Structures are given as structure tokens and as C-alpha cells.
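A short write-up of the structure that comes next.
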Amino acid sequence: MRVKIVGAGVAGLTCAHAFARRGAKVTIVERKAGSGQGCSWYAGGMLAPWCERESAEPIIVDLGLESLQYWREAVPDVPAEGSLVLAPPRDLPDLRRFARRTSNFEWIDGAGIAALEPDLDGRFDQGLFFPTEAHLEPRKALAALTRRLVDDHGVTLRYESEGLEDADAAPADLVVDCRGLAARDTLADLRGVKGEMLVLYSTEISLKRPVRLLHPRIPVYIVPRGDGHFMIGATSIENDERGRVTGRSMLELLGAAYALHPAFGEAEIVEIGADVRPAFPDNLPRLRRRGNTLYVNGLYRHGFLAAPALARRAAEVAFDGAHFPEVMDEDHREW
């Protein structure tokens, strides 16, 4: 089977891997230069299905657990340090509400927090620790996956190509459309949800694992990226305006980092970024097939958490005629 994957973000690369492992001859086409583009470039890379369960449907946990195992096998050096959820003393009711909506965590006190993250000693009285979760550096992970696709599976990559209308590409038996929000030309119910992020650099604080700090307006997380770098994200704003980070969001993200530890107040701002996540009305992913095109879309804020599991299902739809109601029928809640 000759398969053309349109889009080289996390959905496109994981689909390419799933199809190549089934023996397909895979070509990836991407309109930008390089893989891991679009909202994948600005992702947090948290593999945290139980934390996401606080605000997401159960299907996200199922997809996330499968994807967590995938990343551990597919790319090197995935830190398995778990996740930490904290709240200032005045917001402890929010921490208890968070706990009621999920599972697979341990309540820890101030001493337990300090044992996990010594630099947070004395700053918080209670927290939730999710020991089975992990995180990765998205840009490095996608670069490693791209090398594996080319070196181990002979996947062809065509950058700066228009994809669906690529006249120079060989005919394909199947097109897998992973264009994200650009697929609104055929998936009319897609919408954009903008996410904004910062990367800070500080030698005054060290963290081993992602920390979510409960915030009155946005779910803020601080993800260690190594060598003193920390990704701070991410907002969820209902618009499709790419690129621009608002002043309010900058203040809130920086304020949350400072609330976690004052050392972030002296940190260097290394990067500011924003892009638009593709989402369906219920914020849940879909596989849709129309003729010889299979659409993999709607990953919302769960790209790295859901893409590998969705890619595996896409390959089984194409090769085995499988049907997955949890991602192919419109009302996921029925499943």
C-alpha cells in the first residue's frame, strides 16, 4: 500500500510510523520546512493521562495510557518522574476538586513535596503526585522519530510541498490528512483554540518533573526542559489567531511561575510562542474516512498524549477494515 501523509506534526509522524510498521510505502508531505511543525512545536510534551482526566473525557485516559507506552519505546530518554499538582493554601479547595475528578495519585504533604522537588521546600502544604506519568521534550522527540522513520522504515519526506495537491508526488492508494486546523476546508466543524507559551532560563531553580499550579483562570504548568530551561504554558483561548501572545497571558504565565518559585522572577525569557490547536466541538479526537482519504484530527491539547494511539487505530482501519466507535462515532460518550 502506498500511503501519503499530509502534515509533519505529531499526528502525521506517528501515523507515518504506524503505517510503515505495517509495511506501507509512506511519503510525508509538509508545506513548511522541517518536521514537528505547527502546534507540535509549542507543545508541553506532558504524558499525563490521569492529570488530564480532571477536565477530559475517559477516552483521553485510554488513548493516553497507550501513547505513554508508545513514547517510552519509540524515542530515547523519556523521563518517568511523574507529575505534581500544587495549589497555594488559599486554593486548596481547587486541589480537592481536582482530586475528586481523577485517580492514580497520592496525596502528599509539604515534606513529601520537598522530597520530590527540594527547591519547593516550605512553599506548599499539600499536593497530588501522579507517579506513573512522564514527559518528553517535543522537538527532540519528533526529531528522533523522524530519523527513525527515514533510517529504519525508508519513509520519504517532502518539505515545502502543498501536500494534497502535490503534483510531483507518486499516486497514493490512501491519503492520511493530518493538517490540523488547515483541514477546515473539508472538516467544517473544526475550530481553533489558541495556546500560548513561554520558555524561561534560570540556574536558580531545578525541577525533575512537570508541575501544574492550579490557577483561577488557566491551567498553568511548568515543564523542565533540561539545562535550566522551563516551558511555561498554556492558555486555551477560543480563537484561531496564530502567533500573537497577549499581554494578559504573558502576565498570567509569568505570575504563575513566580508563584511556584520567586526565582522565576529573575529568569531570562528565551522564547515566546503561540499556535492554534485543532478541536471539534467536544474537544475529542476523530478518525473520519471519505473515499481514499482518512482524516486524523481534533487532538486539541492532547497531541502527544493521543496521537500514537490514534495513529495505531488509523492503520488498523486502513489495513484491517477495523472500526473504532470511540473515535469514529460522533458521540464518544456513548462508549
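The values are calculated or read from the model by the stated rules, or taken from the named source; none is laboratory data. Here the structure is a predicted model, which is why all the values come from computation and not from measurement. Cβ: placed from backbone, ideal geometry, glycine included. Neighbour counts: every protein chain shown.
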Original post:
Just a yes or no: is a residue in region 295-303 modelled with pLDDT under 95 and either among the basic types (Lys, Arg) or surrounded by fewer than 22 Cβ atoms within 10 Å (Cβ to Cβ) (or both)?
Top reply: yes
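Name the residues in region 222-255 that are in a loop (DSSP other than H, G, I, E, B) and hydroxyl-bearing (Ser, Thr, Tyr), would you? Can you show your working first?
Here is the first cut: in region 222-255, the ones in a loop (DSSP other than H, G, I, E, B) are 227-228, 234-236, 238-246.
235, 236, 246, listed by residue number.
In region 286-329, how many are of a type outside the set (Phe, Trp, Tyr) and within 22 Å of the chain's Cα centre (by Cα)?
In the first step, residues of region 286-329 are kept if they are of a type outside the set (Phe, Trp, Tyr); the result is 286-294, 296-299, 301-303, 305-318, 320-323, 325-329.
Filter once more, so that each one left must be within 22 Å of the chain's Cα centre (by Cα): 286-288, 294, 296-299, 301-303, 305-315, 326-328.
The number of residues fulfilling the criteria is 25.
Quick one: which of 23, 64, 12, 36 is at pLDDT 95 or above and touching a Pro at 6+ places or on another chain (Cβ under 9 Å)?
On the way: 23 fails: touching a Pro at 6+ places or on another chain (Cβ under 9 Å); 12 fails: touching a Pro at 6+ places or on another chain (Cβ under 9 Å); 36 fails: at pLDDT 95 or above.
None of the other options fit; the residue is 64.
Here is a check on your reading of the model: is residue 5 in a strand (DSSP E or B), at pLDDT 95 or above and under 21 Å from residue 277 (Cβ atoms)?
When the stated conditions are applied, residue 5 passes them.
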Original post:
Looking at region 228-253, which of the residues that are surrounded by fewer than 21 Cβ atoms within 10 Å (Cβ to Cβ) and modelled with pLDDT of 95 or more is nearest to residue 198 (Cα to Cα)?
Top reply: 229
Original post:
Which of the helices (runs of 4 or more DSSP H) contained wholly in region 31-111 include at least 3 residues that are in contact (Cβ under 8 Å) with a residue 60 or more places away in the chain and within 30 Å of residue 183 (Cα to Cα)?
Top reply: 49-52, 58-74
Original post:
Given the conditions (1) surrounded by fewer than 24 Cβ atoms within 10 Å (Cβ to Cβ); (2) closer than 23 Å to residue 324 by Cβ, and given that residue 17 satisfies all but one, which numbered condition is not satisfied?
Top reply: (1)
Original post:
Out of 182, 257, 263, which single residue is among the small types (Gly, Ala, Ser) and closer than 19 Å to residue 45 by Cα?
Top reply: 257
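For residue 223, indicate whether it is under 26 Å from residue 116 (Cα atoms), modelled with pLDDT of 95 or more and not small (Gly, Ala, Ser). Give the derivation first.
Working: under 26 Å from residue 116 (Cα atoms): yes; modelled with pLDDT of 95 or more: yes; not small (Gly, Ala, Ser): yes.
Yes; evaluated as a whole, the condition is true for this residue.
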Subject >> Members of region 270-292 that are surrounded by fewer than 17 Cβ atoms within 10 Å (Cβ to Cβ) and over 17 Å from residue 38 (Cα atoms) >> reply: 270, 281, 282, 289, 290, 291, 292
**OP:** Among the residues of region 256-306, write down those that are in a strand (DSSP E or B) and under 15 Å from residue 195 (Cα atoms).
**Re:** 271, 272, 273, 274, 275, 276, 277, 278, 279
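Can you name the residue in region 254-269 that is of a type outside the set (Gly, Ala, Ser) and in contact with a helix residue (DSSP H, G or I) (Cβ under 9 Å, 6 or more places away or on another chain) and is also surrounded by the most Cβ atoms within 10 Å (Cβ to Cβ) among such residues?
Let us first name the residues in region 254-269 that are of a type outside the set (Gly, Ala, Ser), namely 254, 258, 260-262, 264, 266, 268-269.
Remaining after also requiring in contact with a helix residue (DSSP H, G or I) (Cβ under 9 Å, 6 or more places away or on another chain): 254, 258, 260-261, 264, 269.
On the way: 254: 17, 258: 14, 260: 26, 261: 19, 264: 21, 269: 12.
Among those residues, the one meeting the criterion is 260.
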Original post:
Is region 71-91 home to any residue that is surrounded by 21 or more Cβ atoms within 10 Å (Cβ to Cβ) and within 23 Å of residue 314 (Cβ to Cβ)?
Top reply: yes
Original post:
How about region 151-168: which of its residues are assigned to a loop (DSSP other than H, G, I, E, B), surrounded by fewer than 16 Cβ atoms within 10 Å (Cβ to Cβ) and at pLDDT below 95?
Top reply: 160, 162, 165, 167, 168
